[in-house]
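Remarks on the structure that follows.
The values are calculated or read from the model by the stated rules, or taken from the named source; none is laboratory data. Everything numeric here is computed off the predicted structure, so don't read it as measured data. Positions of Cβ are generated from backbone atoms using ideal geometry, with glycine treated the same way; all protein chains shown enter the neighbour counts. All accessible areas refer to the heavy atoms of the entire protein, side chains included, with ligands and DNA or RNA removed. Shrake-Rupley method; radii C 1.70, N 1.55, O 1.52, S 1.80 Å.
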Amino acid sequence: MKSVLPILTVLMALVVLWYGATVLLNAQWTRDQAARAGVEVGFSEILRDTLSQTRPKLPAPHQVVAELWQSTWMEEVYGRRGIVQSGTLSNRSLIYHGWVTLSATMLGFAFGTGLGILLAVGIVHSKAMDLSVMPWAIASQTVPILAIAPMVIVVLASIGIKGLIPKAIIAAYLSFFPVLVGMVKGFRAPDAMQLDLLKTYNASRVGTFWRLRLPSSVPYLFASLKVGIAAALVGTIVGELPAGASAGLGARLLSGSYYGQTIQIWAALLAAATLAAGLVMIVGAVERVVLGRMGMRA
């Protein structure tokens with residue numbers, strides 16, 4: 001209970017601030033409408049209207065929650081014979097869009113993680129790779145993803161590659177770097193005395209890697225995976241924006257911006273944040289299991 005109370009306190013403070021910002025940002029539209037109608041509005045009318053506008057500058061928390069419920073469980077698609085799909089089966093449901101985004105995220109995350117680990121192994125064991133690959137990896141992250149994503153989408157589309165793969169590549173681009181940096185640090189975590197001890201046992205470089213460097217890098221691996229999986233989700237959503245995708249959380253954000261549906265935009269953002277938090281929690285759960293079996297504390 002003691003650990004939950006601070007979280008609830010911060011959450012309640014954020015909700016109160018959110019409601020306050022909603023009233024402040026949406027009040028001007030209410031005043032403008034009243035001025036056109038030639039009437040005066042009091043604080044109670046402003047408060048009631050700002051918390052229930054159809055297209056507010058900033059939607060109230062209860063509006064976002066209602067949109068989440070509607071978009072997740074109550075969406076329906078109609079055809080000639082009535083309802084074709086309903087609830088979470090609907091291709092308009094946030095569950096469906098979240099699954100589309102999650103598929104590309106996990107594929108890109110897997111590829112980015114593998115690439116980051118392989119490059120880290122090469123950098124730790126090769127001075128030439130350390131001097132050549134690492135600077136380029138750092139430089140690659142200075143280019144804004146918003147500039148790279150359209151180029152990747154267009155180039156791959158020109159050779160017939162569309163759908164999941166381009167988004168996964170963009171997700172891998174963002175996720176490989178945290179894994180690379182974390183694993184380089186992890187592989188170099190053993191001190192000189194530990195390395196010298198294995199040399200006295202005549203251990204090879206491969207044996208040293210498997211028996212010392214790799215186990216020492218596991219805590220660093222999970223720390224970087226938490227950052228990498230969140231970055232992969234961001235990369236997937238960004239990749240959905242210039243692709244003109246009809247499915248995915250990025251597509252929901254784009255359609256909401258086209259039609260000025262700010263409540264839909266915020267609902268999609270909250271769904272993306274919830275998905276990211278869930279993925280990080282899953283990585284954290286796996287971390288606790290793995291480190292517990294290795295006799296380490298998570």
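Conditions tested, residue by residue: (1) under 26 Å from S216 (Cα atoms); (2) at pLDDT 90 or above; (3) not small (G, A, S).
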site: V133; (1), (2), (3): yes, no, yes
site: Q141; (1), (2), (3): no, no, yes
site: A147; (1), (2), (3): no, no, no
site: V155; (1), (2), (3): no, no, yes
site: I161; (1), (2), (3): no, no, yes
site: I169; (1), (2), (3): no, yes, yes
site: P178; (1), (2), (3): yes, yes, yes
site: G186; (1), (2), (3): yes, yes, no
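The residue pairs whose first member lies in the range 287-298 and is under 13 Å from K226 (Cβ atoms), whose second member is modelled with pLDDT under 90 and open to solvent by 80 Å² or more (accessible area, probe 1.4 Å), and whose beta carbons are closer than 7 Å, counting only pairs six or more residues apart or on different chains, are E287/A298; R288/A298.
Condition test on V234, is it open to solvent by 30 Å² or more (accessible area, probe 1.4 Å), of a type outside the set (G, A, S), within 11 Å of I170 (Cβ to Cβ) and assigned to a helix (DSSP H, G or I)? Yes. Filtering the range 48-58 for residues that are of a type in the set (K, R) and either surrounded by 13 or more Cβ atoms within 10 Å (Cβ to Cβ) or not in a helix (DSSP H, G or I) (or both) leaves a non-empty set. Filtered by the rule that a residue be open to solvent by less than 50 Å² (accessible area, probe 1.4 Å), free of Cβ contacts under 8 Å to residues at least 12 places away in the same chain and closer than 14 Å to V181 by Cβ, the range 123-160 gives D130, A139. You will find that of L180, L164, the residue that is surrounded by 19 or more Cβ atoms within 10 Å (Cβ to Cβ), in contact (Cβ under 8 Å) with a residue 24 or more places away in the chain and within 21 Å of T236 (Cα to Cα) is L180 and no other. Looking at I265, I282, just one residue is open to solvent by 20 Å² or more (accessible area, probe 1.4 Å) and touching a Ser or Thr at 6+ places or on another chain (Cβ under 7 Å), and that residue is I265. Taking the listed residues G207, G250, the one that is more than 23 Å from L180 (Cα to Cα), assigned by TED's automatic domain parsing to the domain that holds A147 and either open to solvent by less than 20 Å² (accessible area, probe 1.4 Å) or in a helix (DSSP H, G or I) (or both) is G250, with no other qualifying.
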